[in-house]
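What follows is a single structure, written as structure tokens, with notes after it.
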Amino acid sequence: MDNFIFNSNPGRVLFGSGTVARLPDEAARLNGERVLVLSTPEQADLASSVAGYLGNRVASVFSNAQMHTPVEVTREAMRIVDEVRADLIVSVGGGSTTGLGKAIAFRTDLPQIVVPTTYAGSEATPILGETDAGRKTTKSDPRILPEVIVYDVDLTLSLPVSMSVTSGINAIAHAVEALYARDANPIISMMAEEAITSIARGLPRVAANAQDREARAQVLYGAWLCGVSLGSVGMALHHKLCHTLGGMFNLPHAAMHTAILPHALRYNADAAPAAVARVSRALGFDDAPKGLFNFAKGLGATMSLKSLGMPEGGIEAAVKEAMANAYWNPRPLEKGPLTKLLELAWAGEAP
Ligand code: NAD
């Protein structure tokens, strides 16, 4: 066995059905008496009902979280934090809402409870991606890591099938890159493989019946393991490309991850054969990149960056940007093959 270092992030996790009702106890554990509840505009009703559970502990509700954590929105929310002297953040929603909560926590060190309603996995990581003037940068800091995660499978039942599929594959991307990370370790690799298996089994059942609570729980459990993987080891080419394209073209996060992952996996396959064999085993396909592409497409995902709104002329600039501040990757980043990767993903062709 190779030498390894294992870091575990502290955190408390409640998982189940109806767990949102335990929020007041969790807020009390963190001495939260002036809670700021966050959501996106689309989930404002959910934020109000969560505020209802918290009763007079709520100081304010801010329902303007946006994808890719624009710094202007964070500034707007910070004004409310200061105004109401918030002492706890409760983020209810997907990665966009969690991102805003993290951006506030990074600036204030306030504790956070996250109630995830997608499979993004951000709730389990000390990582924050923020967008300023079209450029998305990430930072990692212990203040960013949420203190408590309340997974309530009931809140995921309303996630539309199309988003459930791409969000589930966004989660798989974390586990895939954890398996070939430079600092991979046996514990996280075990979680990552279990995560992919769990999501790959659950997702087709969710796509067939969005109200299948057992299948939803299987995917949500897998998504948590993916989040732990993402938060514990370094990510590589796939995440770099997604951060680059997300910042440059404001593409929908989970859908973009879904369109790129099979190609990033193909790019790295020969350089990380053991990791890719584990991905294949977990997915149940001999050829993991092609199998993943067909799996996503078969569940209705859009596999072309063109359809997601990326201009063809952006490929060259994206390759340049991804190579300028490269993350470590098992295979060196080469301009020609990277351009080919993005051309295939842009056109929606198989890897
Ligand atoms: P999202 O949070 O933007 O959600 C997409 C839309 O779906 C929103 O309108 C949201 O309100 C709605 N929605 C969410 N859950 C729903 C539900 N159960 N029912 C109905 N509608 C629902 O999308 P996302 O993919 O979860 O998050 C993307 C963001 O998360 C990006 O900004 C990305 O960078 C960030 N992210 C960060 C990390 C990290 O570790 N820092 C990890 C993953 C994702």
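Read-outs: derived from the displayed coordinates by stated rules, not from any lab. None of the values given here were measured: they were computed from a predicted structure. Quick reminder, even Gly has a Cβ in these numbers, built from the backbone with ideal geometry, and neighbours come from all protein chains shown.
Worth a mention:
- Amide H to amide H, with H built 1.01 Å from N, THR40 comes under 5 Å of ALA65, counting only residues 5 or more places away or on other chains.
- Between helix 186-208 and the chain there is an angle of about 80 degrees, using the helix long axis and the longest principal axis of the Cα atoms.
- Kirkwood-Stokes translational diffusion coefficient of the range 169-267, alpha-carbon pairs, 20 °C, 1.002 mPa s, µm²/s: 156 µm²/s
- Length-normalised contact order of the range 161-347 in % [C-alpha pairs under 8 Å, at least 6 apart]: 27 percent
- Helix-only mean residue ellipticity at 222 nm for the chain, each DSSP H run of n ≥ 4 adding -39500 (n - 2.57), per residue, nearest 500: -17000 deg cm²/dmol
- Taking the longest Cα principal axis of the chain as reference, the axis of helix 213-232 is set at about 80 degrees.
- Coordinate range of the alpha-carbon atoms in the range 161-347 per principal axis, descending: 44, 35, 28 Å.
- Relative contact order (%) - criterion: Cα under 8 Å, at least six apart; region: the chain: 16 percent
- Of interest is the spacing of the C-alpha centroids, which for the range 268-283 and the range 216-258 amounts to 18 Å.
- Amide H to amide H, with H built 1.01 Å from N, GLY93 comes under 5 Å of VAL115, THR117, counting only residues 5 or more places away or on other chains.
- The HN-Hα couplings worked out from phi for the range 22-28 by the Karplus form 6.51 cos²θ - 1.76 cosθ + 1.60 (θ = phi - 60°) are 8, 4, x, 5, 5, 5, 5 Hz, whole numbers, x standing for Gly and Pro.
- Interchain or long-range residues, amide H under 5 Å from VAL13's placed H: ILE149
- Nearest-ten-degree value, helix 335-347 long axis tilted from longest Cα axis of the chain: 70 degrees
- Whether the range 230-333 is rounded, prolate or oblate, judged on the alpha carbon gyration tensor where a/c under 1.5 counts as rounded: oblate
- Close lysine pairs were tallied over the chain: pairs 8 or more places apart or on different chains with Cα atoms under 26 Å apart number 27.
- Summing charges over all other residues whose Cβ lies under 13 Å from the Cβ of GLY313, with Lys and Arg as +1 and Asp and Glu as -1, gives -1.
- Of all DSSP beta bridges confined to the chain, the antiparallel ones make up roughly 20%.
- Judged by the mean number of other Cβ atoms found within 10 Å, the most tightly packed of the peptides 257-263, 33-39, 14-20 leads the ranking 257-263, 33-39, 14-20.
- 39 Å tail of the calculated P(r), the chain, as % of Cα pairs: 10 percent
- Per the Cα gyration tensor, the range 12-156 maps to an equivalent ellipsoid with semi-axes of 21, 16, 14 Å, ordered largest to smallest.
- Note: the range 49-108, Cα convex hull, 73 Å³ per residue.
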